[in-house]
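Participant: My questions all concern the structure below.
The values are calculated or read from the model by the stated rules, or taken from the named source; none is laboratory data. Quick caveat: nothing in here was measured; it's all calculated off a predicted structure. Every residue, glycine among them, receives a Cβ derived from its backbone with ideal geometry; neighbour counts consider all protein chains shown. Calculation scope for accessible area: heavy atoms of the full protein, side chains included, ligands and nucleic acids excluded. Shrake-Rupley method; radii C 1.70, N 1.55, O 1.52, S 1.80 Å.
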Amino acid sequence: IDKSGNIREVLVSVDLIPHTKQSVASLVDVTDLRRAEKQIAFQLDMLSRLYRGAQELSETLDLRKLAQLAVRHSAREFGVKVAFFLTPQGDREWEVLAAFPSSSPLQSWLDSPEKDQFLDDLMHNGSSLVVNFTEETKYPQLAGIAKRLEVKEVEAFLLGKPPSPLGVLVWLVDKPDFLSSEVSGFAQTFIHQVTTSGERAQLFSQLERYINMMHSLHSIDRTIASSLDLQMV
């Protein structure tokens with residue numbers, strides 16, 4: 001323990017002086033080295049987790065399955081208490097594609113006008129929205145739910161660019177200033193992975209609809225061309 005009361009890690013070596021009963025002891029402060037080793041180990045572990053997550057996310061072209069993977073990885077890799085994935089369904093209408101845990105304690109809030117205000121604020125910010133419940137907030141209903149769940153902060157991420165994002169990923173975490181911690185960069189990378197995979201899934205879905213439409217038009221064209229009866233045409 002140093003003079004300021006901080007706990008330090010030291011490497012101690014003790015050697016006996018030859019032909020005497022006396023010893024020499026040396027103490028080397030290795031606190032910063034050990035901290036750096038732990039930080040590197042943490043970063044390598046997170047990178048490995050993100051890599052595995054990116055593989056899973058990139059393997060699906062179904063937006064609902066992607067949403068399920070996103071909330072599951074949110075809980076497993078970042079330790080969030082509650083996560084849910086919303087997708088727009090028209091003017092001010094949003095659908096919950098996936099939630100963790102599956103029985104979301106936020107269902108009443110998701111049906112409230114306060115949720116619409118929250119999402120409007122997120123769209124206005126353009127990328128993310130942080131609500132710290134250790135301070136006064138303009139979302140009292142959400143703050144009440146957070147208190148029951150012992151949640152300190154909400155992080156909301158816009159997946160894609162306004163005014164037409166593909167969705168929103170919301171995290172409820174039990175630590176304040178979550179995005180100021182060492183996981184901040186990894187969280188942003190994860191959100192980028194989800195957004196990229198979601199855009200691919202969205203494009204694939206649109207392509208499927210176009211192909212089905214072309215098949216239908218081709219079928220109609222063949223039916224019309226096969227008849228010389230005006231009434232039938």
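Participant: Of the residues that make up the range 152-159, is at least one charged (D, E, K, R), closer than 30 Å to Ala36 by Cβ and part of a strand (DSSP E or B)?
Facilitator: Yes, the range 152-159 has at least one match.
Participant: How many residues, within the range 219-233, are of a type in the set (S, T, N, Q) and either open to solvent by 90 Å² or more (accessible area, probe 1.4 Å) or touching a Pro at 6+ places or on another chain (Cβ under 8 Å) (or both)?
Facilitator: First, pick out the residues of the range 219-233 that are of a type in the set (S, T, N, Q): 219, 223, 226-227, 231.
Now restrict to residues that are either open to solvent by 90 Å² or more (accessible area, probe 1.4 Å) or touching a Pro at 6+ places or on another chain (Cβ under 8 Å) (or both): 226, 231.
Counting residues in the range 219-233 that are of a type in the set (S, T, N, Q) and either open to solvent by 90 Å² or more (accessible area, probe 1.4 Å) or touching a Pro at 6+ places or on another chain (Cβ under 8 Å) (or both) gives 2.
Participant: Name the single residue, out of those in the range 79-99 being within 20 Å of Phe186 (Cα to Cα) and at pLDDT 90 or above, that is most open to solvent (accessible area, probe 1.4 Å).
Facilitator: Filtering the range 79-99 down to residues within 20 Å of Phe186 (Cα to Cα) leaves 79-85.
With the extra rule that they be at pLDDT 90 or above, the set shrinks to 80-85.
Details: Val80: 8, Lys81: 77, Val82: 7, Ala83: 1, Phe84: 2, Phe85: 0 Å².
Among those that are within 20 Å of Phe186 (Cα to Cα) and at pLDDT 90 or above, it is Lys81.
Participant: Shifting gears a bit: What residue, among those in the range 122-138 that are in contact with a helix residue (DSSP H, G or I) (Cβ under 6 Å, 6 or more places away or on another chain) and surrounded by 16 or more Cβ atoms within 10 Å (Cβ to Cβ), is nearest to Leu86 (Cα to Cα)? Can you show your working first?
Facilitator: Narrowing the range 122-138 to residues in contact with a helix residue (DSSP H, G or I) (Cβ under 6 Å, 6 or more places away or on another chain): 129, 133, 137.
The next check asks that each one be surrounded by 16 or more Cβ atoms within 10 Å (Cβ to Cβ); those that pass are 129, 133.
Details: Leu129: 15, Phe133: 22 Å.
Checked the range 122-138; the qualifying residue nearest to Leu86 (Cα to Cα) is Leu129.
Participant: In the range 160-190, what count of residues is obtained for those that are in contact (Cβ under 8 Å) with a residue 60 or more places away in the chain, in a helix (DSSP H, G or I) and open to solvent by less than 50 Å² (accessible area, probe 1.4 Å)? Talk me through it step by step, then tell me what you get.
Facilitator: Step one: of the range 160-190, the residues in contact (Cβ under 8 Å) with a residue 60 or more places away in the chain are 164-174, 182-183, 186-187, 189-190.
So of that shortlist, the ones also in a helix (DSSP H, G or I) come out as 186-187, 189-190.
When the remaining residues are screened for being open to solvent by less than 50 Å² (accessible area, probe 1.4 Å), the result is 186-187, 190.
Result for the range 160-190: 3.
Participant: Next question. Only one of Ala54, Ala146, Ala70 is modelled with pLDDT under 90, buried (at least 18 other Cβ atoms within 10 Å of the Cβ), among the hydrophobic types (A, V, I, L, M, F, W, C) and touching a Leu at 6+ places or on another chain (Cβ under 7 Å); which?
Facilitator: Values: Ala54 fails: touching a Leu at 6+ places or on another chain (Cβ under 7 Å); Ala70 fails: modelled with pLDDT under 90.
The unique qualifying residue is Ala146.
Participant: Under 30 Å from Ser48 (Cα atoms) and touching a Leu at 6+ places or on another chain (Cβ under 9 Å), is that true of Ala83? It would help to see each step written out before you state the result.
Facilitator: Values: under 30 Å from Ser48 (Cα atoms): yes; touching a Leu at 6+ places or on another chain (Cβ under 9 Å): yes.
Judged against the criteria, Ala83 is a match.
Participant: Could you tell me which residue of the range 19-61 is nearest to the chain's Cα centre (by Cα), considering only residues that are of a type in the set (Ser, Thr, Tyr) and over 18 Å from Glu77 (Cβ atoms)?
Facilitator: Of the residues in the range 19-61, the ones of a type in the set (Ser, Thr, Tyr) are 20, 23, 26, 31, 48, 51, 58, 60.
Still in the list and also over 18 Å from Glu77 (Cβ atoms): 20, 23, 26, 31.
On the way: Thr20: 64, Ser23: 56, Ser26: 47, Thr31: 33 Å.
The extreme case among them is Thr31.
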